[in-house]
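Working notes, beginning with the structure itself.
The values are calculated or read from the model by the stated rules, or taken from the named source; none is laboratory data. Source: prediction; values computed, not measured. We place every Cβ from the backbone using ideal geometry, glycine too, and count neighbours over all the protein chains shown.
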Amino acid sequence: MTLDPGNLFHVGFVVADLDAAMAEMSRTTGVTWGPRLDVELPLWTPWEVRIATTHSVYSREFPHLELETEVPGTVFTVSDRPLHHIGYWTDDLTGESAALEEQGMPLVAGAEVGGSLFGMAFHRTSTGLYIELVDRARFPDWEGFLCGRGAVDRIVDDGPAVAGAGQQRVLDPSR
């Protein structure tokens, strides 16, 4: 499986100080920012499932830059490598995630609802870069969201049934 380059929609950076990073990027690149996302979600990793609070923001301009704060004890850490991940839309989170694993890119993090992968999935490449798959259904009006219209209140609001039961991927943190 090859990811569709037409579905590439952002590059992500993990930062220590979201406000400072936003100010610096605006000052140096001229980007403006959409609404801030402060989301509490059940975060799956190969070691555990835990409730994590994430703070992130996307630039309104394409290619979209995502800045997100560190979540200690996960793959979302500040490092010497500034680029953390590249993000792709998907209409089949479960299928594309499984295909990346079959190609040797392990699933290392994702939102978890009811024991199943939901909303997003992060896979590690052999170079250490992460690929994020984002369920397009979670942002039905992406451009409106970036302009502050119809902001997403909760990314994982109604569980896997919205993403299509029967395509759920059961997650096992002990594997």
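Couple of notes before you dig in:
- Inclusion of Pro63 among residues that are modelled with pLDDT under 95 and within 19 Å of Leu146 (Cβ to Cβ) is warranted.
- Test for Glu101: is it crowded, with 16+ Cβ neighbours inside 10 Å and either in a loop (DSSP other than H, G, I, E, B) or of a type in the set (Asp, Glu) (or both): no
- Selection of region 34-74 for residues being surrounded by fewer than 17 Cβ atoms within 10 Å (Cβ to Cβ) and of a type in the set (Phe, Trp, Tyr) yields Trp47, Phe62.
- Scan of region 63-90 for residues that are in contact (Cβ under 8 Å) with a residue 40 or more places away in the chain, in a loop (DSSP other than H, G, I, E, B) and in contact with a strand residue (DSSP E or B) (Cβ under 8 Å, 6 or more places away or on another chain), ordered by number: Pro63, Glu70, Val75, Phe76, Thr77, Val78, Ser79, Pro82, Leu83, His84
- Scanning region 1-25 for residues that are over 20 Å from Pro35 (Cα atoms), touching a residue at least 60 places away in the same chain (Cβ under 8 Å) and outside any helix (DSSP H, G or I) turns up Met1, Leu3, Asp4, Leu8.
- Some residue of region 86-101 being of a type in the set (Phe, Trp, Tyr) and closer than 26 Å to Glu143 by Cα: yes
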